[in-house]
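Notes to accompany the following structure.
Nothing in this text is a laboratory measurement; each read-out follows from the coordinates by a stated rule. All figures in this text were calculated on a predicted structure; none of them were measured in a lab. Quick reminder, even Gly has a Cβ in these numbers, built from the backbone with ideal geometry, and neighbours come from all protein chains shown.
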Amino acid sequence: MKAGIVVFPGTNRERDMAIALRVVTGREPVMIWHAETDLPDLDLVVLPGGFSYGDYLRCGAMAAHAPIMAPIRRFAEAGGHILGVCNGFQILTEAGLLPGALLRNGALRFLSQDCHLRVERSDTPFTRRWNAGDVFRAPLAHGDGNYIADDATIRDLEDSGRIAFRYARPDGRVDEGDRQTNPNGSVKAIAGVLSANLRICGMMPHPEDLVDPLMGGEDGKPLFEGLVEALVR
Amino acid sequence: MKVRVTVMLKDGVLDPQGKAVGHALHVLGFGGVGEVRIGRVIELELDETDPAAAREKADAMARGLLANLVIEDFVTEVVA
């Protein structure tokens, strides 16, 4: 699996993402600067976390119009796989590659803590190493992670199985109104969503932060292992 | 020509910032304050002399970048 990580001014999680990809692929991912107008030959494009363009205007709004987004759009249209984490998820929604938007956290505070995510389906390249209903731990660190979309979009996402992850208790119970388990107040406790072709996934928490016992666990590793299995060539 | 774009969260979209400011006003003793909503004002100096054309341009900018129509509405007005 050849992976590329897009770096915008203000991106700061690209090295952690590179570690996660290196752990599972055994090779170094390519770093791609936002001003590039072409993508190299890749199986996976990753938009990592950070504060692209200083979160000016809205989180991800400026990055969504960076030069690199034109080839990324073509990559998506051609069926390419894209993972957006945290600011990367915000960028994907601002670019219209994923539905909905990320609002300021419900309790206004920047949150930096662990959360638990319930896997909603296992038949996607991002979730295939889990079973539906499995729960894993993931760190989150964001000020604007409160997922929202209009009622029709939410219904469509639910009916078409495009919710990848929900914030949950360690036992898998989801309680949208509980700030302990759904800390940013996301509608329906949605933590990650998928595109219609299931090849684009955006999520607020950071699976790349738990891919080695030295980091305190390997809870996020199955996501990357699954991608390698799905995209091997 | 100067055009002002006012971007506000759509009705029904929770505005925790506005809520917090409303609460602070209450704490400061300002009574009778209902809902508080916070938005963004963007002034654009446009190379246009026709107000209608200026507004049209600003509308396109708002739709393309200045507002996120998933969560926000906008109003444009020529101010100078």
> Where does chain A land at 222 nm, in deg cm²/dmol rounded to the nearest 500, when only DSSP H runs of n ≥ 4 count, each adding -39500 (n - 2.57), divided by all residues?
Replying inline: -6000 deg cm²/dmol
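Going by the alpha-carbon gyration tensor, a ≥ b ≥ c the square roots of its eigenvalues, is chain B rounded (a/c under 1.5) or, if a/c is not under 1.5, prolate (a/b greater than b/c) versus oblate?
prolate
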> Can you work out the FRET efficiency for the pair A:ASP212 and A:GLN180, with r the C-beta to C-beta distance and R0 = 22 Å, to the nearest 0.05?
Replying inline: 0.20
>> Could you compute Rg(Cα) / (2.2 N^0.38 Å) for the stretch B:1-40, with N its residue count?
In response: 1.43
> What order, most packed first, do the peptides B:66-74, A:187-195, A:126-134 have when packing is the mean number of other Cβ atoms within 10 Å of each residue?
Replying inline: A:187-195, B:66-74, A:126-134
>> Residue by residue through B:62-73, how many Cβ atoms from other chains fall within 10 Å of the Cβ on average?
In response: 4
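With +1 on each Lys and Arg Cβ and -1 on each Asp and Glu Cβ, how big is the dipole of the stretch B:1-77 about its Cα centre, in debye rounded to the nearest 20?
Using only the charged Cβ atoms, the result is roughly 320 debye.
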>> When only alpha-carbon atoms are used, what values of Rg and Dmax, in angstrom, describe the stretch A:84-135?
In response: 13.5, 35
> Helix B:16-27 versus the longest principal axis of chain B: what is the Cα-based angle in degrees, 0 to 90, to the nearest 10?
Replying inline: 50 degrees
> Cα-based count: Lys pairs in the protein assembly as shown below 26 Å, eight or more positions apart or different chains?
Replying inline: 8
>> Of all beta bridges DSSP finds with both residues in the stretch A:3-231, what is the antiparallel percent, to the nearest 5?
In response: 60 percent
> Sorted by packing (mean other beta-carbon atoms within 10 Å per residue), highest first, where do A:19-32, A:44-57 land?
Replying inline: A:44-57, A:19-32
> Between the stretch B:59-75 and the stretch A:160-185, what's the alpha-carbon centroid distance in Å?
Replying inline: 30 Å
>> Please compute, for the alpha-carbon atoms of the stretch A:3-231, the extent along each of the three principal axes and give them in descending order in Å.
In response: 43, 37, 33
> Quick one: Cα centre-to-centre distance for the stretch A:79-114 and the stretch A:1-69, in angstrom?
Replying inline: 14 Å
